[in-house]
Amino acid sequence: MTQGRKIAVIVLAAAGVISTPLIWLAGGADAGQLAGASIQAAVGIVALVWALFQHPEDRTEDTAVRTGVARASGGGRAVTGIRRAQGRGSGPARAERTGNATATGKDSTATTGIDYS
């Protein structure tokens, strides 16, 4: 979500949270209006919290071409390409003609290409 959209959602949610219950309750609300005001305020709060937790667009475009040789041993990791740790990055990733990756020893890993772990 872009910064401008995030600000717009926050402003609209805050306006909904504040204005609706005040307008309805100022006129002496009955039980139905009180329930409606509460629901609308809750929806506004949910939208506000959702907007606050949205990260700015972190689109990354990763490219690895003609990488060299990588070796890992003794629990190490060899990557001759792109490593996106635990799903980070939302843009395209491209690996071409990556080099050789070799892993020896316990718990060692090797990847040629794209590693999403």
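The values are calculated or read from the model by the stated rules, or taken from the named source; none is laboratory data. Just so it is clear, the model here is predicted, and its values are computed rather than measured. Don't worry about glycine lacking a Cβ; one is built from the backbone with ideal geometry, like all the others, and counts go over all protein chains shown.
Descriptive notes on the structure:
- Inclusion of Q86 among residues that are at pLDDT below 85, under 19 Å from D107 (Cα atoms) and either in a helix (DSSP H, G or I) or among the acidic types (D, E) (or both) is warranted.
- Looking across segment 92-117 at every residue that is loosely packed, with under 12 Cβ neighbours inside 10 Å and farther than 17 Å from V65 by Cα, the one that is modelled with the lowest pLDDT is identified as S117.
- Residues that are surrounded by 11 or more Cβ atoms within 10 Å (Cβ to Cβ) and in contact with a strand residue (DSSP E or B) (Cβ under 6 Å, 6 or more places away or on another chain) were ranked within segment 33-67; the one that is modelled with the highest pLDDT is A64.
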